[in-house]
Amino acid sequence: MAGHVLVIEDEPNIIEAISFILSREGWHVATHSNGEDAAEIVRSRAPDVLILDVMLPGRSGYDILRELRGDAATENLPVLMLTARGQSKDREMAERAGASRFMTKPFSNAEVLEAVRALAPA
Amino acid sequence: MTTLNALAAISILYVLFLFAVAFFAERASRRGRANWLRAPIVYTLSLSIYCTAWTFYGAVGSAARNGFEYLTIYLGPSLVLIGWWWVLRKLVRIGRVQRITSIADLISSRYGKSNLLGVGVTLLAVIGTTPYIALQLQSVTLSVEVFSQASGGEQEQTTAFWVAVGLAVFTVIFGTRNLDANERHHGVVMAIAVEAIVKLAALMAVGIFVVWGISGGVSETLERIDASSLGHWEVNGGRWAGLMFLSAAAFLCLPRMFQVMVVENDNDQQLRMAAWAFPLYLMLMSLFIVPIAVVGLDVLPAGSNPDLFVLTVPLEYGQNALALLSFLGGFSSATSMVIVAAIALSTMVSNHIVMPIWLRVNENVVSVSGDVRNVVLLSRRLSIGGVLALGYLYYAQSGGGAALSEIGLVAFMGIAQVLPAMLGGIFWRGATRFGALAGLTVGFSIWVYTLYLPSFGAAILPESFFDGGPFGLIWLHPQALFGISGIDPLLHTMIWSLTFNAVAFFVASLSSFPSPLERLQGAQFVNIQQGTGGARSWSQGSAEAEDLMVMAQRILGSADAQRLFLREARRQGSDTHLPAPTAEFLQILERELSGSVGAATAHAMVGQIVGGMSISVEDLMAVADETAQMMEYSATLEAQSQELSRTAAQLRAANDKLTRLSVQKDAFLSQISHELRTPMTSIRAFSEILRDGDGITAEEQSKYASIIHDEAIRLTRLLDDLLDLSVLENGQVSLNLGEGMLSDVLDRAEAAALAHDDKRGLQIKRDRESEQVWLNTDTERLSQVFINLISNARKYCDAESPALAIVVTKGEALTVDFIDNGSGVAPEAQDVIFEKFARVSDQKAGGAGLGLAISRQIVTRLGGEISYLSGQSGAAFRVILPLEKALAAQ
């Protein structure tokens, strides 16, 4: 069960919360807080599941995701998108960009866990 | 002896005959094929209404009493007509061109449309004409009496009553059929022309019978005359001249004469013929007067009424048919006068009294033209009834005595008072409304005082009046003003009233100034074009129709115009494509045209073509009014269309702005959502961790609790900022102005901003010397701005050892610069940092991005400005505060 999860999120407290929740359940969690080099980090780390925030300094989460989906290596990477904007058009954009799951902040810890579990390859 | 019934039957038949004549003439005129109606001879004969029953019967009576004096009554008008070139032609042309409807209208029009004058002349006319109408009723009654032997007051009154009613009906039917602008009545004129022939024929027949039938020849008759008292009758030169002048004046001024002579006149041709034919007619009328009088005095018993000789002489000789013809002649004289007088008076009463009142009362009623038309017709009809009722009442009241015949001259005298105003008006441009009023008033008053009232005798005025003058003032004696006595009362009145009338008119005109309209009208009347009018004959009917067609095509468009003309031609039963220019057709055409060019313009155009009328000043003014209205209307339209496009542009701009605002609002809401959800996410996540509780160290527990705490504070601050900004943006904030030292404000701000500056250690460099400036401002708010700027430096300055220099400069305004030693704000971001949520660096600093937006709002409210200074070593903000509120330290 001990998969690798990469969290790309710029809010330190949220990183800390997600890290704590996932670690407690046995996930290996890596974090990154900048959008600019996020895609490279993903490629180098090759996580089992990627948790990606939309509003990142340097580059938007949608952009990063589109790049990942265009890359054969990360084409099928399970991606859970997080956004603090709760509008329906944000969900649509996430789906179009290729998100596996979409979640609006604030989320419940159980939800995040369940999503990561579901997304992680067996 | 002819029975009364036969007489009544013949009278009724005769009246029916007149009805028929009038009816067919009217119909012919409507169909527009009645050039003969405008024949000069018809016009000439219609002038014969001058010879009323008073002349028909009374001339003989007058001759029997006063010899040849009766001739003066004929000579006056003859002179006027023979001299038509000087006065009549001008009068008639003015009437035609100005479309004058009555003598009151003439005076009123000439003096600037003065309704007061119109009313005055109308009243004068009614007062002057009423006894005259009574006289006609009396003459008919007397003549009936001659036949009926049986005489009684009741009988008399009944005859007069029915005659009055019959005349009213006839006049209403033929006098108010159409409301032609010209007020022409072809039917009535034709009937009068026929009556003119009847009365001339009757008088001639009686005369011939008297000369050849009774006397036995011309020479025998002359012998008889020589033998009679008439042959030795002395001519009173003064009275003759006076009577001639009076009859000439009356001929011009009498409402009925004005009606037939001026209003019914169609062209100069008519006048040209009347100039010689009417004096001839009068001569024929007077030819046998003296023989009849002489023979009457000879053959009839003494004491017979000479006024009825024309009837009684034939009857004496058993010539019933002749007597009947004579009766019809007298009847004709009476009826024609009454009819025309009623038409003329009703026009005046209706136009100058009833309509102005009606219009004033119904000022607010939207008047449809047909509506007004009906009112005018109704008021005419009522006026006719009123005039005849007045005449009848006058007759009934006066009892039909001999006084009535004298009243004819009295009435002449009254109406002659209009003469100075009329002649002055058409020959003298200096004549004014005031002058006319003065002259009329003075003349009328003298007439009433010296002639009208005395004519009623003691019934009205006290005896003493005629003995020693009023209040014992002998010089005010009504029949001997200024002590000049021994003159004939009529002459006396004429001299004094007309002299004072003329003098008052002249003096008042000279001493008053005419209004512009009066001036224009005066010029129109006095300088009436001598060459125009009347040259065209109405026989050019088809040419006129063609002209009308050409005009109509220009205005209505050729298809519409042709359709209209064809339709009307068919309706008239014509097989050509041009209808005859009948009054009805012209009216229709005018109405059609007025839809396009306005009523006044249409009227002027049609009048120009049909009547050969020149366009009057009034027409031009009306046209100008219409044009002005149209121009105003189109200007309004243009303004409205400009207004519309302006409004459309404004709406477009407003719409763009709203769209922009809507987009901004969406972005703003999205931002707020983000800013709120982020701290809430942490709070929720950690609170769930704490709630679940398993496997957390005490250290972690306390750390997470403090995260929740900090995030809650962050949320609160965010909400505070949002509310603050909202209040500032709406301008709802009230400033708390007060005195404060700049250095104090900075001290407070520095302390507050660096309170949490635990590790980074931002160095603040200040020059306290320059900060000694007293400010009159909201120091709390200003300090809020400074806190924000210092905090920003603390949060975002990326230098190794961050430092902030605060530089105060005093110039025209107070400048406070905040310059740090970091890398500054990227040039592309400098424009947006003052916008809401415009965070440009990473979000570790934890601001919501509202600080600079709030700061800018505050500084603006304080009357200053805040901006980013580019080109400095680090991030640099400049706050400028107005110095009128910043006082230098003492």
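Computed over the alpha-carbon atoms, region B:9-137 gives an Rg to Rh ratio of 1.01, Rh here being the Kirkwood radius from the mean inverse distance. Averaged over peptide B:670-680, the number of partner chain Cβ atoms lying within 10 Å of each residue's Cβ comes to 5.
For the listed residue pairs B:K665/B:K703; A:K105/B:K795; A:K105/B:K665; B:K703/B:K795, the alpha carbons are over 28 angstrom apart in B:K665/B:K703. Compute the Cα gyration tensor for region B:734-888, then decide on rounded, prolate or oblate, letting a ≥ b ≥ c be the square roots of its eigenvalues: rounded whenever a/c is under 1.5, prolate when a/b is larger than b/c in the other cases, and oblate in all that remain. Verdict is prolate for region B:734-888. Legend: mean number of C-beta atoms from other chains within 10 angstrom of residue C-beta atoms, peptide A:16-24, equals 4.
Stretching B:A751 away from B:R660 to a fully extended chain increases their span by 28.7 nm, per 0.36 nm per residue minus the current alpha-carbon distance. The share of alpha-carbon pairs in region B:233-285 lying farther apart than 12 Å comes to 74%. For B:I764, the residues whose modelled amide H falls within less than 5 Å of its own, excluding neighbours fewer than 5 places apart on the same chain, are B:L804. Residues of region A:89-122 falling in the label zone of B:E688, defined by backbone nitrogen less than 15 Å from a point 7 Å along Cα to beta-carbon, are A:102-118. For region B:225-337, what class follows from the C-alpha gyration tensor (a ≥ b ≥ c being the square roots of its eigenvalues): rounded when a/c is under 1.5, otherwise prolate if a/b is larger than b/c, else oblate? Because a/c hits 1.5 or more and a/b fails to exceed b/c, region B:225-337 counts as oblate.
Note on region B:622-725: Kirkwood radius taken over Cα pairs, Stokes-Einstein applied at 4 °C and 1.567 mPa s, translational D equal to 66 µm² s⁻¹. Ranking of B:H492, B:H186, A:H4 by neighbouring Cβ atoms within 10 Å, starting from the fewest: A:H4, B:H492, B:H186.
Rounded, prolate or oblate: which one fits region A:4-119, using the alpha carbon gyration tensor with axes a ≥ b ≥ c (rounded when a/c is under 1.5, else prolate when a/b beats b/c, else oblate)? Here region A:4-119 falls in the rounded category.
Charged side chains reduced to their Cβ positions (Lys and Arg at +1, Asp and Glu at -1) give region B:734-888 a dipole of some 300 debye around its Cα centre. From most to least packed by mean Cβ count within 10 Å, the peptides B:39-48, B:9-18 give B:39-48, B:9-18. If r is the Cβ-Cβ distance from B:E223 to B:T627 and R0 is 56 Å, what FRET efficiency results, to the nearest 0.05? Efficiency, rounded to the nearest 0.05: 0.15.
For region B:188-287, the set of GluC sites (Glu not before Pro) satisfying both a DSSP loop assignment and a count of at most 10 other C-beta atoms within 10 Å is given as B:E234.
The numbers here are math on the coordinates, done by the rules we state, and not lab data. Owing to the predicted nature of the structure, the values given are computational and were not obtained by experimental measurement. Virtual Cβ from ideal backbone geometry, glycine too; neighbours counted across all protein chains shown.
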